[in-house]
1. Among (1) without any contact (Cβ under 8 Å) to a residue 40 or more places away in the chain; (2) on the phi > 0 side of the Ramachandran plot; (3) not polar (S, T, N, Q), which single condition is Gly654 missing?
2. Evaluate segment 315-325: report whether one residue or more is in a helix (DSSP H, G or I), assigned by TED's automatic domain parsing to the domain that holds Cys418 and under 14 Å from the mean Cα position of the chain (by Cα).
3. In segment 163-199, what residues are in a strand (DSSP E or B) and within 12 Å of the ligand (Cβ to nearest atom)?
4. Name the residue that is surrounded by the most Cβ atoms within 10 Å (Cβ to Cβ), counting only residues in segment 575-597 that are part of a helix (DSSP H, G or I) and without any contact (Cβ under 8 Å) to a residue 12 or more places away in the chain.
5. Considering every residue within segment 409-432, establish whether at least one is of a type in the set (S, T, N, Q), assigned by TED's automatic domain parsing to the domain that holds Gly304 and surrounded by fewer than 14 Cβ atoms within 10 Å (Cβ to Cβ).
6. Out of Ala103, Ala23, Ala90, Ala79, I need the residue that is in contact with a Leu (Cβ under 7 Å, 6 or more places away or on another chain) and assigned to a helix (DSSP H, G or I). Which one?
7. Mind checking which helices (runs of 4 or more DSSP H) fall wholly inside segment 414-530 and carry at least 1 residues that are within 16 Å of the ligand (Cβ to nearest atom) and among the small types (Gly, Ala, Ser)?
8. Quick check on Phe218: is it in contact (Cβ under 8 Å) with a residue 12 or more places away in the chain, aromatic (Phe, Trp, Tyr) and closer than 17 Å to Glu153 by Cβ?
Amino acid sequence: MTSYIKIPSHLTPSDPQGSELLARERSKATFDVNELTLALYGSEELSRFKKILKILESDPILDKSNIYYMGRTELFKYALRKDKRIIQLAATHKWNVDEFKIASRLVDMSGPYSIHQSMFLPTILGQGTEEQKRKFLNPAIRHEIIGCYAQTELGHGSNVQGLETTSTYIPETDEFEIHTPHLTAAKWWAGGLGRTANHSVVMARLITNGQDKGPHPFIVQIRDLTTHEPLPGITIGDIGPKFGFNTTDNGFMLFDHVRIPRFNMLSKFSKVTKGTGEYKNPPNEKLSYGTMVFVRSVIIFNAGLALARAATISVRYSAVRRQFVDKENPMILPNGQVVETAVLDYTMQQYRLFPVIAQAYAIYFTGEIITNLYKQYIDQSSRGDFSLLADLHASTSGLKSLTSDIAVDSIEDCRRSCGGHGYSNFSGFTRFYQDYLPNTTWEGDNYILTQQTARYIIHSKQQSEEFSLRSNESPTIFYMLRYLSNPSQKCTVISPSDFKNPEVQLAIYGYRAAYLIARAVDQIDNHKKSWNSMLVEINRISRAHCQYILVHNFILTLQPQTSDSMNEKRRILHNSPSLKTVLTSVCNLFALHTMEKNLSEFLESGYLSPKQSEMLRVQISESLNEIRPNAVALVDAFYLPDYLLNSALGRYDGKVYETMIEWASKEPLNGITLDINPYSEKLFRNDVKAKI
Ligand SMILES: Cc1cc2nc3c(=O)[nH]c(=O)nc-3n(C[C@H](O)[C@H](O)[C@H](O)COP(=O)(O)OP(=O)(O)OC[C@H]3O[C@@H](n4cnc5c(N)ncnc54)[C@H](O)[C@@H]3O)c2cc1C
């Protein structure tokens, strides 16, 4: 894209240049960045990533240089074109599912086909029979049909049991009749429904033999495969402009007695018998949770990457951005020149940004562990063993809630840490933040989700006899047993550095979670408090438990492991003392900063004293100092390319100011000369100027 304004080419930023400042930062690192990148992704994934990046960067259709100037319709067209292009490239280069996901992540724009990939395919895969997969999944994988996922209605989202759309079995024709009985039953929000999809998973109440069996998934063809018009009896539209996500056509849909074959009810778990309409229950009511667990584990993993992205932009920019001379500790260049201090050197900026780096690593490692657990569950469930499901469902619910909350808060903190330029689209924060936001709402509203986690934990506590039977099984039971053995124990910290001991950290987090759980159980069991009156406490329990899991998993990742249980990534980490040292500092900062943010609960439990909380602050300050020389290298290690960041502030080469002015010169408004005479009807003196 070319400019509307010619910027004098001889002008450069005043010295020192951004590239020099970032080079200085990189030279201070105490570890090998490439080694850490390998420890995060592994050599195979990294080389696939680089190969795919090269293809995308050089593809003119996937060029991102124009997107900050586009309105909704233009953006939507761009998104549709890029979705088609990724599918074409996947076919040309024979990408597998993982490679396709890498490409989508790098192109980084939800599009009309996004829900086809993220919800339609997984739902058929998880809930369809083999026959149904042959009929629907195979053509969907080949993109011969495009699907969406219509669960939420105008009147209900969170309360799935309250959905009103009906699917009534008609024995005479062996069909279901899908119907919208009220306005509030209108399907609403489904991504890709508005203009794109020709099929949908529709969640509707199954009615058979006059009995209401509650919501079940059905595959419904919604548009004609030739004309792409809605089929008779179906009304569809786009729901209109939104806070973000404007590259996706979220839609609404109404049914007027629409018939579908009985075959279209996804029947891996529950079934309706031909003719008699007899309903067969799933063997385990929770089996259909599998897809939910999968989608939530993806959200947890992505929260880590979203935090890494926000930290990359803001940390790099803070190393380049300079304000004031810090008279007590001025910034001096190698040639002796005193220059303004990089804002990254202000302790307040460090206190705002370094915890975000720590959150990124903590959540990334937990994301990996949860993904592996999910794979283990899939493996076991294929052999009829569903024992992992309840625990996995509870932990992914709470972790989805906690990690996406952390990400939303920290992305905004990082944006604000970039000052005025953080408000410009060129920062790379605007659409990134807007599109990230719904992660706190979809796949379970974050507040409601914490009830699912807390319910599971509270139930476990109420059945406390089970604890001793299953004592080694889960961290919850471990910390609960420890608490119950002596509820009046105290924290052993006597100097700030004691807070660096992982055993101490886990004991503190475990005690606080157990204390909150024990107190809630007492209120419910002995004081007959209603669930609703306890919701704030319940939210605290879930957060406390999930913070424990994040700290526990980070510590676990850094602990020595037997060589045969280690994969390539862990081997790299454990064979490198410098990596272990820097990540231990990061882990400490995560554990201690999170503790400080929730200090009132740790103090209230009586386990931590006010004196110890002072020591905690001293140790946090120490941790920030430890991280300072490695800040830029720690974000570099996530290997988030400029193509993904699309940020003038977070560029790898530090050319912040050159990029800001170059991108501003491309603003189409700059091609217009106004007629400012208030009495003239004309707005512009010219048509848009020819580009320079
Ligand atoms: C960008 C975007 C894309 C989406 N895509 C899809 C899609 O493809 N398909 C689809 O089916 N849906 C989709 N959705 C819908 C989404 O899944 C729902 O909006 C979400 O599940 C929340 O439900 P709700 O809107 O009914 O919220 P509500 O439940 O109405 O929430 C309103 C408030 O009430 C509170 N609340 C509700 N019940 C309780 C309770 N029991 N206890 C305490 N507090 C409570 C909530 O915490 C919240 O603060 C999408 C939404 C967005 C924003």
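1. (1)
2. no
3. Lys187, Trp188, Trp189, Ala190
4. Checked segment 575-597; the qualifying residue surrounded by the most Cβ atoms within 10 Å (Cβ to Cβ) is Lys597.
5. No.
6. Result: Ala103 is the single residue among Ala103, Ala23, Ala90, Ala79 that is in contact with a Leu (Cβ under 7 Å, 6 or more places away or on another chain) and assigned to a helix (DSSP H, G or I).
7. Values: elements: 430-436, 446-462, 465-469, 475-485, 502-525.
Correct list: 446-462, 502-525.
8. Values: in contact (Cβ under 8 Å) with a residue 12 or more places away in the chain: yes; aromatic (Phe, Trp, Tyr): yes; closer than 17 Å to Glu153 by Cβ: yes.
Against the criterion (in contact (Cβ under 8 Å) with a residue 12 or more places away in the chain, aromatic (Phe, Trp, Tyr) and closer than 17 Å to Glu153 by Cβ), Phe218 qualifies.
The values are calculated or read from the model by the stated rules, or taken from the named source; none is laboratory data. Model, not experiment: these values are computed from the prediction. Positions of Cβ are backbone-derived with ideal geometry, glycine not excepted, and every protein chain shown enters the neighbour counts.
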